[in-house]
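> Dropping a structure here in structure tokens format, bear with me for questions.
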Amino acid sequence: MAKTPAPRKGPASPATSTAKGKAQAKSSAKKPAAPSSGKARGLGRGLSSLLGDAGIAATTGTALAGTALAGTASAGAVPGGAPVQSGLTELPIEWINSGPWQPRRRFDTASLSELAESIRSKGLVQPILVRPRAGTSNRYELIAGERRWRAAQMAQLHAIPAIIRNLEDEEAYELALIENIQRADLSAVEEAEGYRQLIDSFGYTQEQLSEIIGKSRSHIANLLRLLSLPREVSDMVVDGTLTMGQVRPLIGNGECVALAREVAKKGLSARQVEAMVARGRSGAGGPSKAGVPREKSPDIKAIEVMLETKMGLRVDIDWNEQAGSGRMSVSFKTLEQFEAVMKKLVTN
């Protein structure tokens, strides 16, 4: 059973543990009002540490005890219509707009309906994260918690608990991406588009993203390859018609769209798609025996995975057991990737 918190002399800070509370207070005291622009600040630290004490309190429910959030909250929850500029508060839903950094293309209606029903019956405990919109008053941009915000509207709430933080665009993009990845319900294409935005807008390398997001470099590299797919095919991945495994063999194929439609229509597995693409390649260079590509052995596949992990690039090995020969190809899209491969080959 939770202990009754002792009277506090400073800002509210729920005591999940004494040591943790002191560490957070110390971190907050040192942190300047505006976030640092350097990547060394470790933006991938996650939502809980950025939200600070208020975020933790809201998650445990202590900061929102006694508030009516199950559909009866008043639009005037913010005293005098002038919300605080940082910290935990309630904001009228109409004051909030979706941010441009949202990596999701689509939201599942059935899932939102279930969340809305939960909010109606139990209220909304975990707050959303917003930042003030520059040059306006009483307007905020949503950074994290868009599903909760949309579901709260479906549940006809007038106000919603929110953490207000003054964040730079770079931090907002990172946090929006991290939150969605941690919830594991982004499509592969949406995740890749989030990585591409951080690379193009803020100059991140794949190595830096790997450290910040907590994903392997090969995982990020493989996802980024999906962005070369035609829009129709990438949409199939976003809406769940096809998986990453099914479309990956189609990357760079001139008949990508037609093949993707065929895969979706026939419900082919990833391995069957690889075989279909291989048949097409062998047909262009000469007939293959029985028209069926050679099945890769588990050992060859294991070697491909090992090399892809080390290089962060796509590796294909075509081995002919009978002839005792074969070929290996490494796919790269930039000069930087090519130079990295050459450096490893020369060094080793």
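The values are calculated or read from the model by the stated rules, or taken from the named source; none is laboratory data. Since the structure is predicted, the reported quantities are computational estimates derived from the model, not experimental observations. Because the Cβ atoms are built from the backbone with ideal geometry, glycine has one as well, and the counts that use them run over all protein chains shown.
> Residue under question is VAL238, and the condition is that it be of a type in the set (Val, Ile, Thr) and closer than 23 Å to THR109 by Cβ; does it hold?
When the stated conditions are applied, VAL238 passes them.
> Which residues, taken from the stretch 324-342, are part of a helix (DSSP H, G or I) and of a type in the set (A, V, I, L, M, F, W, C)?
LEU335, PHE338, ALA340, VAL341, MET342
> Still on this model: Which one of the conditions (1) of a type in the set (Ser, Thr, Tyr); (2) modelled with pLDDT of 85 or more; (3) surrounded by 20 or more Cβ atoms within 10 Å (Cβ to Cβ) does SER216 fail to meet, given that it meets all the rest?
Only one criterion in (1) of a type in the set (Ser, Thr, Tyr); (2) modelled with pLDDT of 85 or more; (3) surrounded by 20 or more Cβ atoms within 10 Å (Cβ to Cβ) is unmet by SER216, namely (3).
> While we're here: Is it the case that some residue within the stretch 180-193 is of a type in the set (D, E, K, R), in a helix (DSSP H, G or I) and farther than 30 Å from SER118 by Cβ?
no
> Going by what's in this entry, would GLY254 be described as closer than 22 Å to GLY280 by Cα and either at pLDDT 90 or above or in contact with a Leu (Cβ under 9 Å, 6 or more places away or on another chain) (or both)?
No.
> Hey, among the residues in the stretch 75-103 that are modelled with pLDDT of 50 or more and part of a helix (DSSP H, G or I), which one's surrounded by the fewest Cβ atoms within 10 Å (Cβ to Cβ)?
Out of the qualifying residues, it is GLU94.
> If you take the residues in the stretch 130-171 that are of a type in the set (Gly, Ala, Ser) and farther than 30 Å from TYR204 by Cα, which one is nearest to the chain's Cα centre (by Cα)?
For the stretch 130-171, the residue satisfying everything is ALA151.
> Let me ask something else. How many residues does the stretch 300-330 hold that are surrounded by 14 or more Cβ atoms within 10 Å (Cβ to Cβ) and without any contact (Cβ under 8 Å) to a residue 60 or more places away in the chain?
10
Here is a yes/no grid of residues against (1) in the same structural domain as MET306 (by TED's automatic domain parsing); (2) at pLDDT 90 or above; (3) basic (Lys, Arg):
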site: GLU207; (1), (2), (3): no, yes, no
site: ARG248; (1), (2), (3): no, yes, yes
site: LEU259; (1), (2), (3): no, yes, no
site: GLY267; (1), (2), (3): no, yes, no
site: ALA278; (1), (2), (3): no, no, no
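> Can you tell me how many residues in the stretch 296-323 are assigned to a strand (DSSP E or B), at pLDDT below 80 and among the β-branched types (Val, Ile, Thr)?
Selection size over the stretch 296-323: 0.
> If I filter the stretch 157-165 for residues that are over 15 Å from ILE128 (Cβ atoms) and either surrounded by fewer than 20 Cβ atoms within 10 Å (Cβ to Cβ) or touching a residue at least 24 places away in the same chain (Cβ under 8 Å) (or both), do I get at least one hit?
no
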